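Participant: Have a look at this one.
Taken together, the values in this text are just the output of simple stated rules run on the coordinates, not laboratory data. As the structure is a computational prediction, the values presented were derived from the model and not from experiment. Cβ placement follows ideal geometry from the backbone for every residue including glycine, while neighbour counts extend to all protein chains displayed.
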Amino acid sequence: MFFLYIVLVLLSAVTASAVDLYGTITNRTSGQPVVAATVRIHGLQKGAVTDTAGKFKIAGLPTGVFSLVASRIGYKPSTITITLTDNTEHVVLTMLEASIVKQDVIVSASRRVQAVQDVPISVSTLNSSDVAERSITRLDDALRYVSGVSVVKDQVNIRGSSGFALGVGNRTMVLLDGFPLMSGDNGDIKFDVMPVSDIGRIEIIKGAGSALYGTGALGGVVTMFTAKPPAGTTITGRGFAGTYSKPRYSEWNYRASAPLSSGLDIRLTHSTPEITVSGSAAIRSDEGYRDFDKSLDGIAFGKFQWNLGANNHLTAFALYATHTGENFLYWKDLRYATFPPDAQDREQLLRSGKLAGGLEWAAFLDNRTTLTVRAGIFRTEFGNLINNVMQDSNHSVANSWNTDILATRVFSDQFTLTGGLNAKLNSVSADVYGEQFQALAAGFVQGEFSFTNGPILTLGVRLDHEKTATLPSYLELSPKFGISWHVTPSVALRASIGRGFRAPAIAERYANIRYGPFNVIPNPNLLAESSVSYEAGMHYTPEDAVLPVDIDIAVFNNELYDLIEPTFAMDDPSVPIIFQNVTRARILGAECTVRAILHPRLTAETGITGMLPTDLLTGQTLKYRNNVLWYSRAEYSITNRLQVGIDYRFQNKVEQVDDKLDAFIPNATARVPVHIVDARILYTVDIGIQQQLRLGVIGKNILDYYYAEAVANLSPTRQLLFQIEVLQP
């Protein structure tokens, strides 16, 4: 009935009028603009963030009467009632500074715009400043600063959900503006496909998300949103260059001079009430802190949005990324940790390419109903080069086609219904995997019940059908339940339970490849792995605190079934690696994040996650998992133009690894705790009415601490970078 209603009113969306809402938010006491305030239309999937002048724009709104809600850290939320007519509207809001810190932001945990306090699960966010100020060039590096998250190469580990998996089968779903960026063969994440200058926001959902996102969301969901261009034409850019420190140990010196790294980003945007266009390009060159580890990367991205003038818009995007690099797999041994094995073929390079494109049509069917239709493709290719010729022995081309229909209906202030359909097809042509295909289809629905001055209840379910090549098909049912409750203005409680699953990647089932010293053999009989995730949490913002402070506490339990792990086949004389459903596990944990404004110019944040990841079959700690993650950061504005910042990351020593690795790689199980300190100094000057120049000195791993996150791989040593940015205020 819900979708029949959509069909009946679909034509009305083509003739209805659209309204662009412009506004300004100022400090009620000083009259100064409030920067980076979140603005949202209650009940609609529309919102914006104010710029440095306190201005915002929300395009394509229907006519009617709505509540406009503004929020900002250190301010009391402000709400006004607005009446939108056929004409362009402009509103002015004022906000009063509060004695508490509010973290009320727009999130997509329920596949619609919400305040974070209304979401029944833990959500963390990063904005464009978090990325740019740290001179981050790959988006997975940005996740290293999020509580409860660790990253090993391309493997994102949310609250211990993932371990070491040879770069395949990630348990975290990654999306760009709602389009999945998971490769069709390896099922892994491609974080090098986007220029960081295009990212406006990153949201991290911690816990099983399969009830809305399907396979791959077993451990969580990372959603990247592109930055919205301001009105008019803008050109922004960033250039950086720097060097790695020479090792303290003479045995690790593989060259006479210090290795260099550099990069350049350029972004051009043009925005009018009818169309918005953005294009960007980036290039990265890195000589590497290890021998045989040079790389060259190029990235291009474009996005076009056409406001059709009838409460609906059409969006298209395309991206391409290429990587060519020397293929450092693992060290020679710990004494020569910056050198590959003597048997390494130094004529062999690794080349990969990623191509993605998609179309999205989004519309207000009436004042209470929205519809979004997406279709896209993500193509990946990798292989080995010798003398610039692709080798047939290790080559794969994968296409992942995805379509998505999402509808939301606000029936009343007390009930909102979200539902959708999804279809995905992975096709692979590879020397190492064969000719394979994998098809998935799903339907899902979620209802939210809001009680006046009471809790918000969330109930949802998703049914997935998976079929791989000649294997039998199967169904996966993923229910979820959540509750959030603003008990007082200072206290918000939440609790949730949900099921997650992940269908085996084609690479896990059909890999027949040599990876360094390892032979990997197929196992087409792999089953889907699954989880049941429980969480309870509290968000506390004391009103009478001497210092503005924001505290978030969560306890969680993740029950894991049929975990797919790479294991040694001991019954085979060659002792190959094979992916098997070998583990029944449990991860118990707690997380606490504290944010505070210690001084008008000084902000600080610290977050600690403690976990007990247990293999229930052996009684031992799960392999390749940390027990403690502790991240802290502070930022101080010496003047309005000069800022300094510091970050600290701690991960305890991994307790359990596979000791059999030492038989193949010398010192493969060597590991230590992780203590990383990053620091930066930023200075901003005006170079025009609408542009600023920001100069930065960024130090990464400034203590030059030596550690290994990945097996037999020395992690990046100290790096010093000089950065110049051209910004749009």
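Participant: Taking +1 at the Cβ of each Lys and Arg and -1 at the Cβ of each Asp and Glu, which of Ser285, Ser262, Leu308 sits farthest along the dipole of segment 262-365 towards its positive end, judged by Cα position relative to the Cα centre?
Facilitator: Leu308
Participant: Which of the peptides 50-58, 597-605 is most tightly packed, and how do the rest follow, judged by the mean count of other Cβ atoms within 10 Å per residue?
Facilitator: Per-residue mean Cβ counts within 10 Å order the peptides as 50-58, 597-605.
Participant: Report the label-to-label distance for Thr403 and Phe449 in nanometres (one decimal), using points 7 Å from each Cα along the Cα→Cβ vector.
Facilitator: My value for the distance between the label points is 3.5 nm.
Participant: Continuing with the same structure: Which value, in debye to the nearest 20, gives the size of the charge dipole of the chain about its Cα centre, when Lys and Arg are +1 and Asp and Glu are -1 at the Cβ?
Facilitator: Rounded to the nearest 20 debye, it is 1000 debye.
Participant: Which order, highest average first, do 232-238, 693-699 follow once you tally other Cβ atoms within 10 Å for each residue and take the mean per peptide?
Facilitator: Sorting 232-238, 693-699 by mean packing, highest first, produces 693-699, 232-238.
Participant: Listed highest first by mean packing, meaning other Cβ atoms within 10 Å per residue, what order do 219-226, 254-261, 474-481, 368-375 come in?
Facilitator: Those peptides, ordered most packed to least, come out 219-226, 368-375, 474-481, 254-261.
Participant: If you take the charge dipole of the chain about its Cα centre, with +1 on Lys and Arg Cβ and -1 on Asp and Glu Cβ, which of Ser531, Gly169, Thr684 is farthest toward its positive end?
Facilitator: Thr684
Participant: Still on this structure, please answer the following. Would you give the gap between the C-alpha center of segment 436-485 and the C-alpha center of segment 232-270, rounded to a whole Å?
Facilitator: That distance is 43 Å.
Participant: Given the C-alpha centroids of segment 697-711 and segment 296-351, what is the distance between them in whole angstrom?
Facilitator: 22
Participant: Compare the Cα positions of Ser715, Ser574, Ser183 along the charge dipole of the chain (+1 at Cβ of Lys, Arg; -1 at Cβ of Asp, Glu; about the Cα centre) and return the one farthest towards the positive end.
Facilitator: Result: Ser715, furthest along the dipole toward the positive end.
Participant: Same structure again: Would you please give the FRET efficiency between Glu543 and Asp413, computed as 1/(1 + (r/R0)^6) with r the Cβ-Cβ distance and R0 = 22 Å, to the nearest 0.05?
Facilitator: After rounding, the FRET efficiency stands at 0.25.
Participant: Each residue of segment 484-496 in turn: what ³J(HN,Hα) in whole Hz from Karplus with 6.51, -1.76, 1.60 and θ = phi - 60°, glycine and Pro shown as x?
Facilitator: With the stated coefficients, segment 484-496 comes to 10, 8, 7, 5, 9, x, 9, 10, 10, 9, 8, 7, 7 Hz.
Participant: Taking amide H positions as placed in the peptide plane 1.01 Å from N, state which residues far from Ala208 in sequence (5 or more) or on other chains have amide H under 5 Å from it.
Facilitator: It is Ser533, by chain and number.
Participant: Right, next: What is the list of residues in segment 651-679 whose amide nitrogen lies under 13 Å from a point 7 angstrom out from the Cα of Leu334, following Cα to Cβ?
Facilitator: Once the point is set 7 Å along Cα→Cβ of Leu334, 662, 666-673 turn out to lie under 13 Å by backbone N, inside segment 651-679.
Participant: Here is a follow-up. Determine the calculated [θ] at 222 nm for the chain from helices alone, applying -39500 (n - 2.57) to every DSSP H run no shorter than 4 residues and normalising by the residue count; nearest 500 deg cm²/dmol.
Facilitator: The helix-only estimate for the chain comes to -1000 deg cm²/dmol at 222 nm.
Participant: Let me ask something else about it. Just to be sure I understand the model, the point goes 7 Å from the Cα along the line to the Cβ. What's the resulting Thr322 to Ala53 distance in nm?
Facilitator: Each label point is offset 7 Å from its Cα along the Cβ direction, giving 4.0 nm.
Participant: About its Cα centre, what dipole magnitude does segment 458-602 give when the only charges are +1 on Lys and Arg Cβ and -1 on Asp and Glu Cβ, stated in debye to the nearest 20?
Facilitator: Around 220 debye, computed over segment 458-602.
Participant: Order these by the 10 Å Cβ neighbour count, fewest first: Phe437, Phe292.
Facilitator: Least to most surrounded, the residues fall as Phe437, Phe292.
Participant: Could you list which residues have their amide H under 5 Å from that of Gly216, counting only those 5 or more apart in sequence or on another chain, with H placed in the peptide plane?
Facilitator: It is Phe501, Arg502, Ala503, by chain and number.
Participant: Next question. Mind giving me the nanometre distance, one decimal, between the label points for His270 and Ser129, set 7 Å out from Cα along Cα→Cβ?
Facilitator: According to this spin-label approximation, the distance is 3.1 nm.
Participant: ³J(HN,Hα) across segment 593-606 via Karplus (A = 6.51, B = -1.76, C = 1.60, θ = phi - 60°), whole Hz, x for Gly/Pro?
Facilitator: Karplus-based 3J(HN,Hα) across segment 593-606 equals 10, 10, 10, 8, 9, 6, 7, x, 10, 10, 10, 9, 8, 9 Hz.
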